[in-house]
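The block underneath contains the structure these notes are about, expressed in C-alpha cells.
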C-alpha cells in the first residue's frame, strides 16, 4: 500500500471498511515514495501524459509486487496502464 494512497483514502474512514481490514493483515506493507519509486513515477507520468503522483505510485507498486489494484476509480489508473489488473469495488 503506497503511503500517500493510504493517507488519501483514510480521509473518509466511514467509507474505508475494506481498507481497514487490508491494513490489519500481517502481509500488508506500507511503501514510502523513495528516490527509486519517484523516478519510476515520473517516467510513468511522462509516458502516459497524466499528472496524478499518487495514482502513478499505486501503479508502480502494483507492477513491482505483481498484485492487482482494488479501486473504486479505475479510469485514472487505466490511463496510466490500460493492462493493469484491477478489482473494481
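Could you work out how far the C-alpha centroid of segment 1-18 sits from that of segment 20-89, in angstrom? Segment 1-18 and segment 20-89 have Cα centres spaced 14 Å from each other. Largest first, the extents of the alpha carbon coordinates of the chain on the three principal axes equal 34, 26, 24 Å. Taking the C-alpha atoms only, the angle from helix 35-48 to the longest principal axis of the chain is near 70 degrees. As a proxy for reagent exposure, ranking 41, 31 by other Cβ atoms within 10 Å from fewest up yields 31, 41.
Between residue 84 and residue 18, the simple spin-label model (points 7 angstrom out along Cα→Cβ) gives 1.4 nm.
Considering only 45, 22, 77, the Gaussian network model of the chain with Cα springs below 10 Å gives its largest mean-square fluctuation to 22. The angle separating the long axis of helix 53-65 from the principal Cα axis of greatest extent in the chain is about 80 degrees.
Quick note: the coordinates plus some simple rules give every number you see, no bench work behind them. From a predicted model like this one, the values you see are computed outputs, not experimental measurements. A quick note on method: Cβ atoms are made from the backbone with ideal geometry, for glycine too, and the neighbour counts reach across all protein chains shown.
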